[in-house]
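Notes follow the structure.
The values are calculated or read from the model by the stated rules, or taken from the named source; none is laboratory data. Being a predicted model, the structure only gives us computed values, none of them experimental. Ideal geometry is used to build each Cβ from the backbone, glycine not excepted, and the neighbour counts take in all protein chains shown. With ligands, DNA and RNA removed, areas are computed over all heavy atoms of the protein, side chains included. Shrake-Rupley method; radii C 1.70, N 1.55, O 1.52, S 1.80 Å.
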Amino acid sequence: MAVANARLAMVGGIGVPVLQRQQNHFFYSFMAKNPLGHSLLRARRDFSARSTSSLLPPDVPRLAETARIALTPDEVKEFAPKIRQVIDWFGQLQAIDLQNVDPALRADAESNNLREDLPETFDNRESLLAAVPTYEKPYIKVPKVLNKD
Amino acid sequence: MLSAAAQNPGVLFLQRGGRKLNLQKCRRRRRHCHFQAVSSSCSEILTIRKSLVSRERKAVEIAQQYLNRLRNTEPLLRSFLHVSQNVMSEAEQIDRKIDRNEQLGPLAGVLIGVKDNICTLDMPSTGASRILRNYRPAFDATAVRKLRDCGAIIVGKTNMDEFGMGSTTENSAFQVTANPWNAERVPGGSSGGSAAAVSARQCVASLGSDTGGSVRQPAAFCGVVGMKPTYGRVSRYGLMAYASSLDVIGCFGSSVTDAAILLQAIAGHDRFDATSSKREVPEFTSQLEPAEFLDSKPLKGLRVGVISETLGDGVDSGTVSSIQAAASHFEELGCIVKEVSMPSFSLGLPAYYILASSESSSNLSRYDGIRYGNQIAAEELSSLYGASRANGFGSEVKMRILMGTYALSAGYYDAYYKRAQKVRTLVQKSLKAALTDNDVLISPAAPSPAYRMGEKKNDPLAMYAGDIMTVNVNLAGIPALVLPCGFSEDGPSGLPIGLQIIGAAFDEAKLFKVGHIFEQTLQGFRFVPPIVDTDI
C-alpha cells in the first residue's frame, strides 16, 4: 500500500517525460495532464464484468506510467485485453465471504530472526561499482531529475 | 472412492505389464552404465562419491563425460544460458585433494546447474532478462556458496522464464529450452532449464526456484525429482526476488536421494536472510534405506490423502490414472489412502496471481538501469527509467508488473491484495487441517504432461490454469516433493507424469522417506529420456 501510494505521488509530481515527447512516434505518450481522472470516465463505460461497481478496469497507459515502463502503442493494444481478462478473473475473489478472515502476510514464518542493525563493509566493492552503467568516479551519473516545466 | 483401477491391483498389474520389456532393457543397459548404483537408490551423487573415494574414476573423467553429453545435447535442448569455463580445473582440484588423501565434501566432483536467477560470483546472472544481460553479481547466493563449500562444481546457469514469470521457459529473453523427452514440447517452467539439464544428464543435479510451482511442474514435465522446501528452509540471499512471501530455492535430481543430498547442503539459517529459519536441519538421507532392506509393507499405517479436487474436470485422463495408480501403489506399501476434499483449492489460483504480480511490481522496481543492468540513455531521469525498463523487460514481465501495479493502487488494495491475503489464510488453514488428518497429501504436479511449444503462449489464463496443482503449497509455505510416477501413454511417445507429495511445514524428511520408498518400489518404469541412451 505504502509503495503504491508513494509511486502515485511521485507520478503526480513529475510532468510528461522529455524523451517521450521527443520520440512520440515510438514511445507511447502520456499527454493527459491528469491521466487518472481522464481515464476513469472512459473506463467506466467498458466496465461490466464484475459486480463491485467501485472497481474500475485497468487503464494500461496510466499503469505503465506509474510502473515506469514506456510502452509502445502496439504494446498497449496487445496488453490491454489480456490484462483486463486477468483482472476480471481476479474479480472472482470479490464473491467470497471473507469478512471474518484475517489476512496472512506470508507463510507461518518465524520472527526474531533479524540481525543487529549495524553497518558492515562489503568486501567486493569494486565489483559493485563495475556494474554501474554510467560511473564517473566517485559518482553514479544520472540525467537531470527535475523537469524544465 | 478411488477408481476401479486403483481399487483392483489386478488391473494395475495389467497396466504396468506393458512396461516389462522396458524394465529388461533398462537392466541390460545398466550393466554397462558407469552410473550403475551400488545400492538400489540409483543416486548419481552417491555413485560418483563411491567411484572417487575408491579411486575407480577421476573427477576429471566424470566431469568430461558430463561436459561431452552437455555439448552433444545442448544444440537441441538449449538448457544453459552460460556454461562455466572452470569445470575441468575445479575437477582437477578435486583429484589433487584425493591424491593428497584430503577430506572430500559431500558433493565433491558433482556437477550442478544453477538457475540463472540465483547469483553466482564468477558467471553472469541474468534471470533470463535482457535488463540484466551480461550482469555479473558481486557475490554468490548463500545456496551457491554452500554448494561450493561441499565441493560441488557449478557447471553453468540454466535457462528460465524471465525472473521466474512463466510455466514453459518460453518467456526467456534469450532462448527457448526443449523438453528432453520430446523436443517439440516445453520443459515446463519457470525452472525449465534446470529440469531439462538433469533429465538429459547434462549435469548431476540442479538448483531452481519455486514461487508457484516453478520447480515441481518442470520436474514433472521432464521426469525428474523436484523438491520445493518449506518457506524459510533455504536462504533466499542472492535469489532475485519475484514474490518474496512465496519464493523458495528448490532442488532437482534424478533420484529422491540426490534431491535430499542437495537440500541437505543448502538448507539452514542464514544471517543475510531474516526469513530463513533457525530450526535444526535433520539428516535427510539417514532415513533413506535401500530397497533390499525394506519389508513388504514399508509404509504401514501412513495416512495418505488424495486431494479430490486435483483429479476432477480439466485434468488429463492419463494424469488422473497415473495418480490413481500411485495411490493404489501407496496402499500396497501399507498406507491408508483416503480422498480429501479441499473446497478452497481453486481459490488459491487467482489469490496466488494477485499476490505474486503485486509483489513483483514492487520487487522489480529495483531494475531501473541506474546501479546495474542495462541502461537506455535519456535526457531526463524518469525517461531513463521508462526506456530502460521498456527495453529490458519482456511482455509477460511487463504485464505482470502492470497487473500488480493495478492491484496495489490506492482504493484497489482492499479489493485485490488484501482479499488475496485472506484467501491465503483459508488455504493455509485447510492444508493444515488436511495435514493433521493425514501424514501426507498427494496430487498430480500438473494437470497435464508437457504440452507443445507455443500452445499456450498467447493465452495467459490457460497458462496460469496449469499452476492449479502447485500454487496452494506456496501460499501455505509448506514443502512438496515431485517425482515421476508414470507415462502419459505407452510406447516411445509417452511423456512423464509427476506425482506431488505434500507435507507439513519443515517435514521434508518425511517427504524424502516416503518418496524414496515409492521410487524404489515402483516397477516397470525408467525415467531416462531416449536422448541420454544414445551416449550412456
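A few comments on the model shown:
- Selection status of A:A80, within 30 Å of B:A407 (Cβ to Cβ), modelled with pLDDT under 95, out of contact with any Gly (no Cβ under 7 Å at 6 or more places or on another chain) and more than 9 Å from chain B (Cβ to nearest Cβ): no
- Of all residues in region B:321-367, those satisfying the criterion of being in a helix (DSSP H, G or I), hydroxyl-bearing (S, T, Y) and farther than 30 Å from B:G238 by Cβ are B:S321, B:S322, B:S328, B:S344, B:S346.
- Tally of residues being within 14 Å of another protein chain (Cβ to nearest Cβ) and closer than 21 Å to A:N112 by Cα across region B:239-275: 13
- Number of residues in region B:57-88 that are assigned to a helix (DSSP H, G or I) and among the charged types (D, E, K, R): the value is 4.
- Taken as a whole, the condition of being open to solvent by 20 Å² or more (accessible area, probe 1.4 Å) and assigned to a loop (DSSP other than H, G, I, E, B) does not apply to B:Y385.
- Residues located in region B:126-151, provided they are part of a loop (DSSP other than H, G, I, E, B), over 22 Å from B:R400 (Cβ atoms) and open to solvent by less than 10 Å² (accessible area, probe 1.4 Å): B:P137, B:A138, B:A141
- A:A95 more than 7 Å from chain B (Cβ to nearest Cβ), aliphatic (A, V, I, L, M) and over 30 Å from B:F506 (Cβ atoms): yes
- The residue of region A:108-149 that is farthest from the other protein chains (Cβ to nearest Cβ), among those that are at pLDDT below 85 and within 29 Å of B:I370 (Cβ to Cβ), is A:D149.
- Of the residues making up region B:276-285, just one is among the charged types (D, E, K, R) and either within 21 Å of the chain's Cα centre (by Cα) or away from every other protein chain (no Cβ under 14 Å) (or both), namely B:E283.
- Test result for B:L481, outside any helix (DSSP H, G or I) and under 14 Å from the mean Cα position of the chain (by Cα): yes
- In region B:406-434, the qualifying residues are those that are open to solvent by less than 10 Å² (accessible area, probe 1.4 Å) and closer than 28 Å to B:S172 by Cβ, and the one that is nearest to the other protein chains (Cβ to nearest Cβ) is B:Y406.
- Verdict on A:L105 being exposed (fewer than 14 other Cβ atoms within 10 Å of the Cβ), in contact with a Ser or Thr (Cβ under 8 Å, 6 or more places away or on another chain), modelled with pLDDT under 95 and at the interface with another protein chain (Cβ under 8 Å from one of its Cβ atoms): yes
- Scan of region B:435-459 for residues that are part of a helix (DSSP H, G or I), surrounded by fewer than 20 Cβ atoms within 10 Å (Cβ to Cβ) and not polar (S, T, N, Q), ordered by number: B:D437
- Residues of region B:286-309 that are in contact with a Leu (Cβ under 9 Å, 6 or more places away or on another chain) and either within 14 Å of another protein chain (Cβ to nearest Cβ) or outside any loop (DSSP other than H, G, I, E, B) (or both): B:V304, B:G305, B:V306, B:I307.
Residues are listed down the side, and each one gets a yes or a no for (1) β-branched (V, I, T); (2) within 11 Å of chain A (Cβ to nearest Cβ); (3) closer than 20 Å to B:S245 by Cβ; (4) without any contact (Cβ under 8 Å) to a residue 24 or more places away in the chain:
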site	(1), (2), (3), (4)
B:S322	no, no, no, no
B:V337	yes, no, no, no
B:S357	no, yes, yes, no
B:S362	no, yes, yes, no
B:N374	no, yes, no, no
B:A377	no, yes, no, yes
B:S383	no, yes, no, yes
B:E396	no, yes, no, no
